[in-house]
1. Return a yes/no flag: does the stretch 64-72 have any residue that is over 21 Å from Arg152 (Cβ atoms) and either surrounded by fewer than 19 Cβ atoms within 10 Å (Cβ to Cβ) or in contact (Cβ under 8 Å) with a residue 12 or more places away in the chain (or both).
2. Sort out which residues of the stretch 73-92 are within 13 Å of Glu154 (Cα to Cα) and loosely packed, with under 14 Cβ neighbours inside 10 Å, and write them in order of number.
3. Go through the residues of the stretch 319-337 one by one and say whether even a single one is charged (D, E, K, R) and open to solvent by less than 10 Å² (accessible area, probe 1.4 Å).
4. In the stretch 255-299, how many are more than 21 Å from the chain's Cα centre (by Cα), under 15 Å from Ala236 (Cβ atoms) and open to solvent by 60 Å² or more (accessible area, probe 1.4 Å)?
5. Out of all the residues in the stretch 178-230, which are more than 10 Å from the ligand (Cβ to nearest atom) and among the charged types (D, E, K, R)?
6. Got a number for residues in the stretch 41-58 being surrounded by 13 or more Cβ atoms within 10 Å (Cβ to Cβ) and either in contact with a Phe, Trp or Tyr (Cβ under 7 Å, 6 or more places away or on another chain) or outside any loop (DSSP other than H, G, I, E, B) (or both)?
7. Report, by residue number, each residue of the stretch 10-29 that is open to solvent by 70 Å² or more (accessible area, probe 1.4 Å) and within 11 Å of the ligand (Cβ to nearest atom).
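The values are calculated or read from the model by the stated rules, or taken from the named source; none is laboratory data. Owing to the predicted nature of the structure, the values given are computational and were not obtained by experimental measurement. With ideal geometry, Cβ positions are generated from the backbone for all residues, glycine too; neighbour counts draw on all protein chains shown. For accessibility, only protein heavy atoms count, side chains too; no ligands or nucleic acids. Shrake-Rupley method; radii C 1.70, N 1.55, O 1.52, S 1.80 Å.
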Amino acid sequence: MSTTAPSTTYSPGLEGVVAGETAVSTVEDGLRYRGYAVGDLCEHASFDEVAFLLLYGELPTTTELEAFRQRVAMARRLPEPVRQLFSTLPKWSTPLDVLRTAVSALAHFDQDVADNSPEANLRKAERLLAQMPVAIADHYRISRGMQPVLARQELSHAANFLYMLRGVEPSVADVKALDVSLILYAEHEFNASTFTARVIVSTQADLHAAIVGAIGALKGPLHGGANEKVMDVLLASGGPSTAEAWIRAALARKERIMGFGHRVYKAGDVRAGILKAYAKQAASDPGLLAWEETADTIERVMASEKNMHPNLDWPAGRLYHAMQLDIPLYTPMFAMSRITGWAAHVIEQLANNRLIRPRSIYKGQAARVVKPIGERG
Ligand SMILES: CC(C)(COP(=O)(O)OP(=O)(O)OC[C@H]1O[C@@H](n2cnc3c(N)ncnc32)[C@H](O)[C@@H]1OP(=O)(O)O)[C@@H](O)C(=O)NCCC(=O)NCCS
């Protein structure tokens with residue numbers, strides 16, 4: 001029996017390992033989507049334009065954007081059985097788990113599900129982009145005994161989501177802040193959930209299967225789940241007067257502070273700096289401003305004691321809290337943006353596919369022979 005010789009270098013967590021090629025984004029020299037710096041995109045483009053950029057490779061013209069927005073807006077509805085499913089799920093189901101189930105259920109109703117051509121995958125990606133916010137908002141309202149709100153076709157991705165969730169027209173400031181957060185969440189090279197999606201589709205499984213898996217990977221607090229944990233950190237710190245003592249004690253207890261640190265960015269995450277301004281702006285009333293002050297104290301101590309800086313989840317958790325959004329919605333909101341990056345990677349993986357199948361170092365028992373059950377004592 002012969003096997004391919006494994007490489008002898010092993011990097012726990014695959015740190016620093018190059019596991020593929022991509023033209024979707026780079027984290028070298030600041031984060032860029034298809035060549036554009038994220039700061040530039042936040043200033044000069046909307047999330048809807050960025051979604052088009054990630055999926056199609058170029059920023060849209062006015063006509064292309066209009067057609068794209070119309071296609072997505074038309075797809076903002078769920079098959080009735082998927083909506084009915086929400087009322088059958090236990091009360092304790094989390095919104096992220098419900099979203100994962102919803103995407104899995106939606107696969108059964110998508111005529112293109114088994115077609116892995118780029119054209120079909122773009123159609124499916126646009127539909128999921130439209131359907132995921134509807135699933136989050138419909139489940140949110142149904143689980144609280146409220147009627148779902150019909151999507152509005154003329155609204156942007158960000159504005160329509162807030163409208164469907166709350167049932168009232170959102171403010172311009174809320175829409176802009178959410179839109180910027182969605183741009184920043186849209187794509188991030190070979191992060192855990194994107195890599196999961198690529199692994200799944202490398203077996204020639206379909207886009208829906210890859211997105212279900214990606215949502216599963218996003219859930220953990222070391223990845224997307226961190227934005228929900230950020231408010232736990234702030235609440236546990238007790239506020240501006242106790243924050244410094246609390247963070248020092250937490251570090252002494254060797255606690256991991258959610259919203260800080262990053263596998264790749266060791267000197268800070270450019271996205272966190274961009275979104276911080278929006279979190280501060282959204283926290284205009286005195287009760288909310290106290291959380292900003294608390295956050296500043298924790299940031300200062302994390303930098304001086306651990307040389308560790310905030311990642312995007314740190315301001316995002318605070319921004320969404322200041323917008324009075326319920327904490328369990330934060331990771332699903334990350335997913336309703338990252339669907340664009342995930343889909344772009346799935347299409348790219350399939351365009352030049354090779355099964356992703358690494359090796360491991362065996363640490364188990366030496367070779368041994370099976371004793372028949374009667375001889376095992
Ligand atoms: C993102 C993250 C998983 C990347 O970590 P990594 O590069 O794999 O680093 P490790 O988990 O190996 O940690 C290395 C050391 O830094 C410490 N560390 C890492 N992140 C930390 C944090 N947020 N707070 C306190 N200590 C932290 C670890 O405890 C470990 O210390 P040790 O060497 O004394 O055991 C990590 O920084 C983390 O858990 N952050 C909090 C969760 C989070 O915000 N996730 C969102 C990421 S965008």
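1. Yes, there is a match, as at least one residue in the stretch 64-72 is over 21 Å from Arg152 (Cβ atoms) and either surrounded by fewer than 19 Cβ atoms within 10 Å (Cβ to Cβ) or in contact (Cβ under 8 Å) with a residue 12 or more places away in the chain (or both).
2. Scanning the stretch 73-92 gives a single hit, Met74.
3. No; the residues of the stretch 319-337 include none that is charged (D, E, K, R) and open to solvent by less than 10 Å² (accessible area, probe 1.4 Å).
4. The qualifying residues number 1.
5. Asp179, Glu187, Glu189, Arg198, Asp206, Lys219, Glu228, listed by residue number.
6. Of the stretch 41-58, the ones surrounded by 13 or more Cβ atoms within 10 Å (Cβ to Cβ) are 41-42, 45-57.
From what is left, the residues that are either in contact with a Phe, Trp or Tyr (Cβ under 7 Å, 6 or more places away or on another chain) or outside any loop (DSSP other than H, G, I, E, B) (or both) are 41-42, 47-56.
Counting residues in the stretch 41-58 that are surrounded by 13 or more Cβ atoms within 10 Å (Cβ to Cβ) and either in contact with a Phe, Trp or Tyr (Cβ under 7 Å, 6 or more places away or on another chain) or outside any loop (DSSP other than H, G, I, E, B) (or both) gives 12.
7. Passing the criteria: Pro12, Leu14, Glu15, Gly16.
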